[in-house]
Ligand code: RAM
């Protein structure tokens with residue numbers, strides 16, 4: 001379903017991208033067929049590359065054919081790209097094969113790339129000439145304005161984490177909040193929610209948050225259900241997929257946006273969208289007010305195929321409904337029936353608490369996982385003291401299903417903070433996100449497993465995004481809670 005007014009509003013809020021030219025020197029090395037050379041831009045950038053080629057020898061009598069590979073981190077350069085046969089499209093791999101006919105020349109690549117490193121491999125010249133790369137230039141783009149970045153004086157260690165988080169956000173801020181400038185280069189609701197939080201503490205491009213909310217509200221699925229992601233090019237169109245938790249996060253993102261901006265017009269415009277999701281998702285519960293995971297469909301929570309999502313799904317619903325009550329009250333609406341519904345579903349959530357274990361369990365297998373506990377705490381199904389106790393017991397539960405993504409870790413850190421465990425949250429945040437920096441990255445990744453940094457649910461890291469929106473929240477945590 002299309003809401004033209006909402007899409008028109010989103011269009012009005014479309015940012016003009018800020019461009020910056022970054023030039024680096026080439027090399028004197030004379031390159032022949034089969035030679036490879038790597039250039040380092042020194043930081044993560046998103047933009048359009050041009051390469052200046054010079055020649056040596058006789059006048060070129062055949063085109064230059066070369067391959068370019070872009071890499072966000074060094075490790076990507078060592079990958080055998082042709083060996084990637086995972087379930088995500090190979091077309092995300094950042095490379096090109098290009099012909100240059102009239103040498104010497106400047107070759108300008110049309111496609112936007114996300115990178116720090118550029119590898120050039122000479123595929124073919126001729127026996128009459130060789131080439132040199134004289135210079136590389138990147139025309140970088142972002143809607144994040146560095147001059148509006150809130151300056152905060154931090155310890156050296158914190159500043160490192162904050163810098164990478166801010167860079168991650170910067171690179172993902174395009175004409176929407178993208179999930180990753182390498183992949184999927186789209187607007188996802190779950191990512192938007194966390195980017196918006198980091199944005200409020202850093203670049204404060206609140207108009208971009210509003211734009212993204214209007215985009216989601218402007219193009220919905222059947223009966224007005226929000227999709228989990230959408231495309232903005234060539235036309236705005238939502239994807240056909242939904243996720244129970246991502247749908248609910250629209251409500252939370254709107255509430256956070258309003259708290260930040262007091263933009264009442266947007267709140268009034270978009271409140272019916274929130275109520276619609278509440279109404280549609282109420283069909284996903286059984287007669288005991290417990291979420292029916294089959295009816296709920298896809299629930300994301302983390303990149304983890306073994307995770308049982310009954311408990312965390314129930315908790316995300318409760319979490320979002322607390323926001324809905326806030327929004328409704330703010331607009332002077334009666335919230336009695338929603339609050340009664342919350343009461344029933346909270347009782348059902350508590351029925352998943354296993355007194356003997358001292359932990360929440362999920363699904364028929366009564367699975368214990370980190371995400372179930374974390375989300376129950378975030379949803380305020382238990383108070384802070386009980387939450388602390390749960391998280392302590394959890395640490396000793398070696399069989400508990402763990403966390404795979406920075407997205408899941410974000411929620412763990414937030415749960416620790418909500419329970420008053422600020423110091424522990426700080427240490428865990430440094431351990432986890434700091435590990436990515438030790439792996440030589442300027443930005444934070446889509447997935448990171450400290451025990452196996454190359455682990456991938458995609459069947460190979462060639463398609464991993466190493467600058468990923470949902471990983472940018474150390475900037476939010478540090479700036480909001482520690483400085
Ligand atoms: C990935 C996207 C995005 C995430 C979804 C669930 O493919 O990159 O970040 O929100 O999955």
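The values are calculated or read from the model by the stated rules, or taken from the named source; none is laboratory data. Here the structure is a predicted model, which means the values were calculated and not measured. Heads up, the Cβs are rebuilt from the backbone with ideal geometry, glycines too, and the neighbour counts pull from every protein chain shown.
Condition first: under 33 Å from the mean Cα position of the chain (by Cα) and in a strand (DSSP E or B). Now tell me which residues in the stretch 122-145 satisfy that.
If the condition is that a residue be under 33 Å from the mean Cα position of the chain (by Cα) and in a strand (DSSP E or B), then 135, 136, 137, 138, 139, 140, 141, 142 are the ones that fit.
Inside the stretch 282-296, can you point out the residues that are surrounded by 14 or more Cβ atoms within 10 Å (Cβ to Cβ) and out of contact with any strand residue (DSSP E or B) (no Cβ under 9 Å at 6 or more places or on another chain)?
289, 290, 293
Residue 238 - would you say it is closer than 27 Å to residue 16 by Cα and touching a helix residue (DSSP H, G or I) at 6+ places or on another chain (Cβ under 7 Å)?
On the way: closer than 27 Å to residue 16 by Cα: yes; touching a helix residue (DSSP H, G or I) at 6+ places or on another chain (Cβ under 7 Å): no.
Spelling it out, it is not the case that residue 238 is closer than 27 Å to residue 16 by Cα and touching a helix residue (DSSP H, G or I) at 6+ places or on another chain (Cβ under 7 Å).
Restricting attention to the stretch 292-307, and to residues there that are in contact (Cβ under 8 Å) with a residue 40 or more places away in the chain and not in a loop (DSSP other than H, G, I, E, B), which single residue is farthest from the ligand (Cβ to nearest atom)?
293
Here is a check on your reading of the model: is residue 15 surrounded by 16 or more Cβ atoms within 10 Å (Cβ to Cβ) and under 24 Å from the mean Cα position of the chain (by Cα)?
yes
Which pairs have Cβ atoms under 6 Å, sit 6 or more apart or on different chains, and link a residue in the stretch 418-447 that is farther than 17 Å from residue 469 by Cβ to one that is in a loop (DSSP other than H, G, I, E, B)?
435/450; 439/453
Going by the structure shown, is residue 150 within 11 Å of the ligand (Cβ to nearest atom), touching a residue at least 24 places away in the same chain (Cβ under 8 Å) and either in a loop (DSSP other than H, G, I, E, B) or within 11 Å of the chain's Cα centre (by Cα) (or both)? Talk me through it step by step, then tell me what you get.
Details: within 11 Å of the ligand (Cβ to nearest atom): no; touching a residue at least 24 places away in the same chain (Cβ under 8 Å): yes; either in a loop (DSSP other than H, G, I, E, B) or within 11 Å of the chain's Cα centre (by Cα) (or both): yes.
Here the answer is no, as residue 150 does not meet what is asked.
So which helices (runs of 4 or more DSSP H) are wholly in the stretch 387-483 and hold at least 3 residues that are surrounded by fewer than 23 Cβ atoms within 10 Å (Cβ to Cβ) and either assigned by TED's automatic domain parsing to the domain that holds residue 194 or in contact with a strand residue (DSSP E or B) (Cβ under 6 Å, 6 or more places away or on another chain) (or both)?
Of the helices (runs of 4 or more DSSP H) lying wholly inside the stretch 387-483, those with at least 3 residues that are surrounded by fewer than 23 Cβ atoms within 10 Å (Cβ to Cβ) and either assigned by TED's automatic domain parsing to the domain that holds residue 194 or in contact with a strand residue (DSSP E or B) (Cβ under 6 Å, 6 or more places away or on another chain) (or both) span 406-418, 422-438.
Take the residues in the stretch 352-386 that are part of a strand (DSSP E or B) and in contact with a helix residue (DSSP H, G or I) (Cβ under 9 Å, 6 or more places away or on another chain), then tell me which one is farthest from residue 311 (Cα to Cα).
Filtering first and then ranking leaves 359.
Please return the ranges of helices (runs of 4 or more DSSP H) entirely within the stretch 169-272 where 2 or more residues are more than 14 Å from the ligand (Cβ to nearest atom) and surrounded by fewer than 21 Cβ atoms within 10 Å (Cβ to Cβ).
206-218, 244-261
Only one of 101, 145 is within 28 Å of residue 217 (Cα to Cα) and out of contact with any helix residue (DSSP H, G or I) (no Cβ under 9 Å at 6 or more places or on another chain); which?
145
Scan the stretch 63-121 for residues that are closer than 18 Å to residue 136 by Cβ and either within 16 Å of the ligand (Cβ to nearest atom) or not in a strand (DSSP E or B) (or both) and report the count.
Total satisfying the criteria: 12.
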